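S.K.: First the structure, which I've put down as structure tokens, then a few questions once you've had a look.
The values are calculated or read from the model by the stated rules, or taken from the named source; none is laboratory data. Please read all numbers here as calculations on a predicted model, not as lab measurements. Please note: Cβ atoms are built from the backbone with ideal geometry, for glycine as well, and neighbour counts cover all protein chains shown.
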Amino acid sequence: MLKFLKSGLLATAVLAVPVAAHAADVADGEKVFRKCAACHSVGEGAKSRVGPHLNDLFGRQAGTVDGFKYSAAMVAAGESGISWDEQTLTQYLVKPRDFVKGSRMAFAGLRKSADVANVIEYLKTFDEKMASSLGSAEAEMEEAEVETAMADKPALAADMPLPEHDGAFKLGRAATEDEVAAWDMDIRPDGVGLPVGSGTVADGEVLYTDNCAVCHGDFGEAVGRWPVLAGGQDTLTDDRPEKTIGSYWPYLSTVYDYVRRAMPFGNARSLSDDDVYAITAYLLYLNDIVEDEEFELSNENFTDIHLPNEENFIPDDREQEAHYADKSEPCMTDCKPDPVGITMRARVLDVTPDSEEENTGGAID
Amino acid sequence: MSKKTKETMDGAAASRRRFLQAGIAGGAALATAGAARAAGDPVITEVQDWNRYLGDGVDAAPYGMPSEFESHVVRRDVPWLTADPVSSINFTPLHELDGIITPNGLCFERHHGGTAIIDPADHRLMINGLVDTPLVFTMQDLMRFPRENRVYFLECAANSGMEWRGAQLNGCQFTHGMVHCVVYTGVPLKYLLEEAGVKTSGKWVLAEGADAAAMTRSIPIEKALDDCLVAFKMNGEALRAEQGYPVRLVVPGWEGNMWVKWLRRLEVGDEPWAQREETSKYTDLLANGKARRHTWLMDVKSVITTPSPQAPITHGRGQTVISGLAWSGNGRIKRVDVSLDGGRNWHEARVDGPSLSKALHRFYYDFQWDGSDMLIQSRAMDEAGFIQPTKNELRAARGENSIYHNNGIQTWHVKADGAVENVEVS
């Protein structure tokens, strides 16, 4: 039985250096196999677990590993003549339940065809017959490794280059400008980070209606319990304040930053920078901070706009509260008049998830 | 209601039913039955199945799970709190746990865009901004830095947030369950920042997650260089996916939201970024309409975990254990007091187990219950001298709209039948 073909330094070298995709099939397949490893094992001493072991799979009739309890469907598939080869595996792994209707394998399938090809390549390395013909595959692999190794990185630990930076541990590598640009998308109140671009209230209305209104409501008033985005001005001292962009948020930069990074919910990063300017302009409009539908927000005029509640944020001064400022020993006896009374019970406002049970005869009531 | 929620709730209801049956009434029934059966308790006098037939072999569970009799010990959510389970919260079942360490599978969850599933081979951590060399680390790189092991509590700033307007939720899982405490293995954040070389103008660090919320928080550089960790293990094993696998930030003693999960980027800057989670959220609105920002520290706090509404006293009067948790973002807990009469008189509780800075502390108060009504409370003091305030003191200082940082003293009303209710007292 062949062991893992690659490990340790070789694998690392291969990972670290971008290599031609085809040379790394087995290594990539090994990664894909992590999705299978919860249920299947391969290699020396592999046993059937949630799924059957996958050694010597090629040419094997479906549903025939001794001692594994297959679904009737899988056994029937095998009896009808299905055995495992590149083609049947490809079909099965893309949509397990379509290929074998009633298969018990609780796995949705692999979406990328490269993943399928790679995992099959990986499974071949645990197949005795394939291995004998694989003399060739193995040789190929070794060749690929040698090629990779020769192309760029030597395989010996002592020869591995260290990154060129001043860090004490010499770990990590320098980030490229493109990489930093791809991830560094935060925007500060002073406008640092704003991309070049613009968008109007009118454009924003269309985008908002299409992408945001299902949850946040046509006017930012929210549907159901999704967050409210507009209104609530002058409610901050009420019993039930409504905290929105217009009534509470200190900075417009947060709106742009947050919408661009996290909205629409479930489809983040799908809007262009101009779209986000337009939507931000529309949110200003919904909050009566701009009133002109022709208003265009851009990186040029962005920091001219101030949200109404900016001045009302203060530093953390909890330590000055009376109960914290007083550091004397706490009272231990007769600290309150006798007897202490109950002023409120949870039952009155009972919102506990399983309170239904309580109300239907629990001893707690 | 989603299917999952329904199941959670059915599970909760079933377990509640079970312990109600085992209440004092149940206990009494057993006792009578026992007395009547002169021959003795059948689980002793008769040979039981588990005493005769073989159990599972060693391979039955490659990853072991709790006993089937503990199936009610689960995280639970309050579906009405949030619009969607993907941006929601569930709660640690504190009333079922003891000691100071929370099992990984029971650590409460709070995420804003669902649990990101990330293959560690595809995970990168970038450091950029005001540094000498912007760097990218793989997980393997991170594992090559010197590591530390530290026990810390993590509390959501909104823990007990539903109780500002008065007693609401009947269960310490729901009133206090947004806290957990595990041992983290990770690399001091300082090492990573120093590897990139922080410029002298660098005063703040922005931490960013790789999830669909791309969660971000600004952290002052003093804290970042002090005790923060970039952790990849909790309680000895890899982080759970819902806790940020493969790597999360640990910001000891400070609010849970800052402990960015699925940590992918650290940016050094000279000003805070005023991200959504430090403006719209995690700012504390006061009665006068002003809002405190940068309220990072979690104040001294404690709660009695048993007895509590989900864990009534089922054994009748006599020897009784009160057990609870205390913690403070300022450091160690110096003392915990327990009151049985709603805060009139206090008794020093016994803190048992390790007393570690910014970790949960376990306390006990062992006493003879005479079977009468009690209003039980706990009050913690930390090594910095802060004393846990009452809820009314907090309301007097802040009003009722703060949402966050409610560390007020909790009162449970223990009734003569052993049932327990969440109440507020005069």
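S.K.: Yes or no: B:Thr305 assigned by TED's automatic domain parsing to the domain that holds B:His347 and not in a loop (DSSP other than H, G, I, E, B)? Steps first, answer last, please.
M.R.: Details: assigned by TED's automatic domain parsing to the domain that holds B:His347: yes; not in a loop (DSSP other than H, G, I, E, B): yes.
Here the answer is yes, as B:Thr305 does meet what is asked.
Let's see how each residue does on (1) within 14 Å of chain A (Cβ to nearest Cβ); (2) among the acidic types (Asp, Glu); (3) assigned to a loop (DSSP other than H, G, I, E, B):
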site	(1), (2), (3)
B:Val205	yes, no, no
B:Glu208	yes, yes, no
B:Ala212	yes, no, yes
B:Leu249	no, no, no
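This table checks each residue for (1) modelled with pLDDT of 95 or more; (2) of a type outside the set (Phe, Trp, Tyr); (3) over 30 Å from the mean Cα position of the chain (by Cα).
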| residue | (1), (2), (3) |
| --- | --- |
| A:Ala144 | no, yes, yes |
| A:Leu162 | no, yes, yes |
| A:Asp166 | no, yes, yes |
| A:Val180 | yes, yes, no |
| A:Asp184 | yes, yes, no |
| A:Pro189 | yes, yes, no |
| A:Ser198 | yes, yes, no |
| A:His216 | yes, yes, no |
| A:Val223 | no, yes, no |
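S.K.: Of (1) within 15 Å of A:Phe126 (Cα to Cα); (2) touching a helix residue (DSSP H, G or I) at 6+ places or on another chain (Cβ under 7 Å); (3) free of Cβ contacts under 8 Å to residues at least 40 places away in the same chain; (4) surrounded by 20 or more Cβ atoms within 10 Å (Cβ to Cβ), A:Gly29 satisfies all except one. Which?
M.R.: Unmet for A:Gly29, out of (1) within 15 Å of A:Phe126 (Cα to Cα); (2) touching a helix residue (DSSP H, G or I) at 6+ places or on another chain (Cβ under 7 Å); (3) free of Cβ contacts under 8 Å to residues at least 40 places away in the same chain; (4) surrounded by 20 or more Cβ atoms within 10 Å (Cβ to Cβ): (3).
S.K.: Residue check, A:Asp238 against (1) within 25 Å of B:Pro272 (Cα to Cα); (2) within 12 Å of another protein chain (Cβ to nearest Cβ), all met but one. Which one?
M.R.: (1)
S.K.: Condition first: assigned to a loop (DSSP other than H, G, I, E, B) and more than 12 Å from chain B (Cβ to nearest Cβ). Can you find one or more residues in the range A:241-259 that meet it? Before you say what the answer is, go through the steps one by one.
M.R.: Just the residues of the range A:241-259 that are assigned to a loop (DSSP other than H, G, I, E, B), to begin with: A:241-251.
Subsequent filtering for residues that are more than 12 Å from chain B (Cβ to nearest Cβ) retains none.
No, because not a single residue in the range A:241-259 is assigned to a loop (DSSP other than H, G, I, E, B) and more than 12 Å from chain B (Cβ to nearest Cβ).
S.K.: Can you give me the number of residues within the range B:109-130 that are within 10 Å of chain A (Cβ to nearest Cβ) and in a strand (DSSP E or B)?
M.R.: Of the residues in that region, 6 qualify.
S.K.: Do you know which residues across the range A:74-99 are over 20 Å from A:Val32 (Cβ atoms) and either crowded, with 17+ Cβ neighbours inside 10 Å or not assigned by TED's automatic domain parsing to the domain that holds A:Gly51 (or both)?
M.R.: A:Met74, A:Ala77, A:Gly78, A:Ile82
S.K.: OK, next. Being under 20 Å from B:Pro309 (Cβ atoms), of a type outside the set (A, V, I, L, M, F, W, C) and touching a Lys or Arg at 6+ places or on another chain (Cβ under 6 Å) is the filter here; which residues of the range B:389-416 pass it?
M.R.: Within the range B:389-416, B:Asn407, B:Gly408 qualify.
S.K.: Only residues that are part of a strand (DSSP E or B) and facing chain A (nearest Cβ under 8 Å): list them for the range B:282-296, please.
M.R.: B:Leu285, B:Ala291, B:Arg292 - these are the residues of the range B:282-296 that are part of a strand (DSSP E or B) and facing chain A (nearest Cβ under 8 Å).
S.K.: Among the candidates B:Asp366, B:Asp341, which residue alone is within 24 Å of B:Glu163 (Cβ to Cβ) and among the charged types (D, E, K, R)?
M.R.: Within the list B:Asp366, B:Asp341, the selection yields B:Asp341.
S.K.: A follow-up question, please. Against the definition (closer than 22 Å to A:Pro163 by Cβ, of a type in the set (A, V, I, L, M) and either out of contact with any strand residue (DSSP E or B) (no Cβ under 6 Å at 6 or more places or on another chain) or surrounded by fewer than 24 Cβ atoms within 10 Å (Cβ to Cβ) (or both)), how does B:Leu193 come out, yes or no?
M.R.: Yes, satisfied.
S.K.: Among A:Tyr208, A:Tyr258, A:Tyr285, which is the only one that is closer than 25 Å to B:Glu208 by Cβ, in contact with a helix residue (DSSP H, G or I) (Cβ under 7 Å, 6 or more places away or on another chain) and of a type in the set (Ser, Thr, Tyr)?
M.R.: A:Tyr258
S.K.: Next question. Can you name every residue in the range A:302-330 that is in contact with a Gly (Cβ under 9 Å, 6 or more places away or on another chain) and more than 7 Å from chain B (Cβ to nearest Cβ)?
M.R.: If the condition is that a residue be in contact with a Gly (Cβ under 9 Å, 6 or more places away or on another chain) and more than 7 Å from chain B (Cβ to nearest Cβ), then A:Phe302, A:Thr303, A:Leu307, A:Pro308, A:Asn309 are the ones that fit.
S.K.: Answer yes or no as to whether B:Tyr191 is in contact (Cβ under 8 Å) with a residue 12 or more places away in the chain and within 20 Å of the chain's Cα centre (by Cα). Working first, answer last.
M.R.: Numbers: in contact (Cβ under 8 Å) with a residue 12 or more places away in the chain: yes; within 20 Å of the chain's Cα centre (by Cα): no.
Considered against the rule, which asks whether it is in contact (Cβ under 8 Å) with a residue 12 or more places away in the chain and within 20 Å of the chain's Cα centre (by Cα), B:Tyr191 comes out as no.
S.K.: On to the next question. For the range B:164-184, what are the residues that are more than 9 Å from chain A (Cβ to nearest Cβ) and either under 20 Å from B:Gly324 (Cα atoms) or in a strand (DSSP E or B) (or both)? Can you show your working first?
M.R.: Narrowing the range B:164-184 to residues more than 9 Å from chain A (Cβ to nearest Cβ): B:164, B:172-173, B:176-184.
Within the range B:164-184, B:Cys172, B:Gln173, B:His176, B:Gly177, B:Met178, B:Val179, B:His180, B:Cys181, B:Val182, B:Val183, B:Tyr184 meet the criteria.
S.K.: For the range B:368-380, indicate whether the set of residues that are within 12 Å of chain A (Cβ to nearest Cβ), buried (at least 20 other Cβ atoms within 10 Å of the Cβ), touching a residue at least 12 places away in the same chain (Cβ under 8 Å) and basic (Lys, Arg) is non-empty.
M.R.: Scanning the range B:368-380, I find at least one residue that is within 12 Å of chain A (Cβ to nearest Cβ), buried (at least 20 other Cβ atoms within 10 Å of the Cβ), touching a residue at least 12 places away in the same chain (Cβ under 8 Å) and basic (Lys, Arg), so the answer is yes.
S.K.: So, in the range A:160-184, exactly how many residues are polar (S, T, N, Q) and within 7 Å of chain B (Cβ to nearest Cβ)?
M.R.: Here the count works out to 0.
S.K.: Anything in the range B:185-200 that is part of a loop (DSSP other than H, G, I, E, B) and within 13 Å of another protein chain (Cβ to nearest Cβ)? List them, or say none.
M.R.: Hits for the range B:185-200 are B:Gly197, B:Lys199.
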